[in-house]
Amino acid sequence: MPAPISRRILMQGSTGAAALSALPIAAQGAADQNGVRTLIRLHLNENPHGPSDRAKQAMRAALDDGWAYDNEDALALRRVIAAKEGLKPENIFICEGSTELLKVAALLYAGNGKDMVAGLPTFLAMPQYASRNGGQVKWANLDAAHRLDLNAMEALVGSATGAVYICNPNNPTGTVVDSGRLRSFVESVSKRALVVVDEAYIDLADDPDRTTMVDQVKLGRNVLISRTFSKIHGLAGLRVGYGLGRPDVIRRLEEMRVSVPNRMGLKAAMASYQDSEFLDYSRSMVRGCVTYTCEFLKSMQLPYIPTEANFVMFDTGGSSVDFALALRAKSIYVQPMTEPFNTWARVSMGRLEHMEAFAVAARAHFKKS
């Protein structure tokens, strides 16, 4: 049976993320009749539909060159991304997962006594890193529709503010702010601070072309867009991300980077980026599971937040920790929230059979309680 885990550990971080990696591997899941340990991972916003076949082929082909440092693949990927986005290679920063970009940006623009502004709840990589490196984070609560409150965030921007963080679609709510309002926000706030727009889930948004702030980069605004190959591309384990920004911002990031992506990851990212057929397939699979999950939650009369990402946040009606522990006993991991959403949980989209297993386990839990 799974090893016991305390409520305190589960509640670490705003979404308790540390808890879900705290158990040793041997404790993560139950063994089947053949002794094979199984686990349904619905807590980390991964995409089990990837990597694509083309990405896998690219990885295999890269093995023979694994002995050599990579000098060309990152530049090639920059060029391909720039061409698609209507930018230049000097507008592109290739990094080891988008988390590296967020942390470097936090160190440069929001640490050492500077302020940064962020919504709550949101993805914590940048705010936490800023705080750990001498910055002060000013938090703005979400609005009544669980969206980032841009008016409240703008009101917090002051003379000491170095960066503002906008996760759009937001994690863990999956909500998207009005694109017109965000553009006016960027135009105004970027004159006083760097606006970091995290678009990790942009490919899953209802209208990606309207939602993205790439046009603000083209206009020369002081804005940095963060993206990743971990979500729709299904390459989370290979750690490849990228940023879009003005050349002067990109140069500062390059000067402070702490690592470079691996050759295999870059090859896979290049193949996946150009594989429109797989991306369409991946998007349709994720959206199908979102529809299934929301219909289930509706049938259980559990309030949930309409999402434009690969996860759904919903109200369990009780302790989200108890709910997470109950599902963990069945080898299904979901993400409990903390105050002020301590009755809410976030479930990531797996394959359809994973979501069916989640529904069965959740129904059993609520029937028992």
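Throughout, read-outs are computed from the coordinates displayed, never taken from laboratory work. As the structure is a computational prediction, the values presented were derived from the model and not from experiment. Note: ideal-geometry Cβ built from the backbone for every residue, glycine included; neighbour counts use all protein chains shown.
Provide the FRET efficiency to the nearest 0.05 for the Ala145-Arg351 pair, computing r from the beta carbons and using R0 = 45 Å. Working shown, then result.
Details: r = 30 Å, r/R0 = 0.66.
Efficiency at R0 = 45 Å is approximately 0.90.
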Query raised in the report: Which of Ala345, Ala155, Ala140 moves the most in a Gaussian network model of the chain with Cα springs under 10 Å?
Result: Ala155
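May I ask you to derive the relative contact order of the range 195-252, considering only C-alpha pairs under 8 Å and at least 6 residues apart, and to give it as an integer percent? Provide the component values of the computation, followed by the final result.
On the way: 80 pairs, mean separation 19.6, N = 58.
Averaging sequence separation for qualifying contacts and normalising by length gives 34 percent for the range 195-252.
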Report summary line: Taking the reciprocal of mean 1/r across every pair of different Cα atoms in the range 199-304, the Kirkwood radius in Å is 16.0
**Report entry** Surrounding net charge for Asp65, when Lys and Arg each add one and Asp and Glu each subtract one, Cβ distance under 11 Å
**Finding:** -2
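What full-extension length gain, to one decimal in nm, is calculated for Gln57 and Phe366 as 0.36 nm per residue of separation minus the Cα-Cα distance? All intermediate terms of the calculation are to be shown ahead of the outcome.
On the way: separation 309, 0.36 × 309 = 111.24 nm, distance 4.43 nm.
Roughly 106.8 nm would be gained on extension.
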Report summary line: re the range 322-369: pairs of Cα atoms spaced beyond 16 Å account for a percent value of 37
**Report entry** chymotrypsin sites (Phe, Trp or Tyr not before Pro) within the range 205-287: DSSP coil, no more than 14 neighbouring Cβ in 10 Å
**Finding:** none
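Defining a contact as two alpha carbons under 8 Å apart and six or more residues distant in sequence, what relative contact order in percent does the range 54-275 show? Write out the running numbers ahead of the final one.
Details: 442 pairs, mean separation 60.4, N = 222.
It comes to 27 percent, rounded to a whole number.
How long are the three semi-axes of the equivalent ellipsoid for the range 270-337, computed from the Cα gyration tensor as the root of 5 times each eigenvalue, in whole Å, largest first? Numbers along the way, then the final one.
Numbers: eigenvalues 165, 45, 19 Å².
The equivalent ellipsoid of the range 270-337 has semi-axes of 29, 15, 10 Å.
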Report summary line: Yeah, the range 233-369 with a ≥ b ≥ c from its alpha-carbon gyration tensor (a/c under 1.5 is rounded, else prolate when a/b outruns b/c, oblate otherwise) is prolate
Query - Cα-based radius of gyration of the chain once divided by 2.2 N^0.38 Å, which approximates compact folds - result: 0.98
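If you add up the charges near Ser131, with Lys and Arg at +1 and Asp and Glu at -1, over every other residue whose beta carbon is less than 14 angstrom from its beta carbon, what do you get?
Around Ser131, the surrounding residues sum to +3.
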Report summary line: Note on the range 70-168: C-alpha Rg/Rh, Kirkwood Rh, two decimals, gives 1.07
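Please give me the summed charge of the neighbours of Leu108: other residues whose Cβ is under 15 Å from its Cβ, Lys and Arg +1, Asp and Glu -1.
Values: positive: Lys103, Lys114, Arg132, Arg246, Arg251, Arg252, Arg257; negative: Glu100, Asp115, Asp248, Glu254, Glu255.
Net local charge, Leu108 excluded: +2.
Counting only DSSP beta bridges with both residues in the chain, what percent are antiparallel, rounded to the nearest 5? Don't skip to the end; give the middle numbers.
On the way: 19 of 40 bridges.
Around 50 percent of the beta bridges assigned by DSSP in the chain are antiparallel ones.
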Query raised in the report: Do you know the relative contact order of the range 235-369, to the nearest whole percent, from alpha carbon pairs under 8 angstrom that are 6+ apart?
Result: 18
Report summary line: Between Asp322 and Asp248, the two model label points (7 Å from Cα along the beta-carbon direction) sit apart by a distance in nm of 5.6
Query raised in the report: Hey, with R₀ at 35 Å, roughly what FRET efficiency would Ala152 and Ser299 work out to, going by the Cβ-Cβ distance, to 0.05?
Result: 0.50
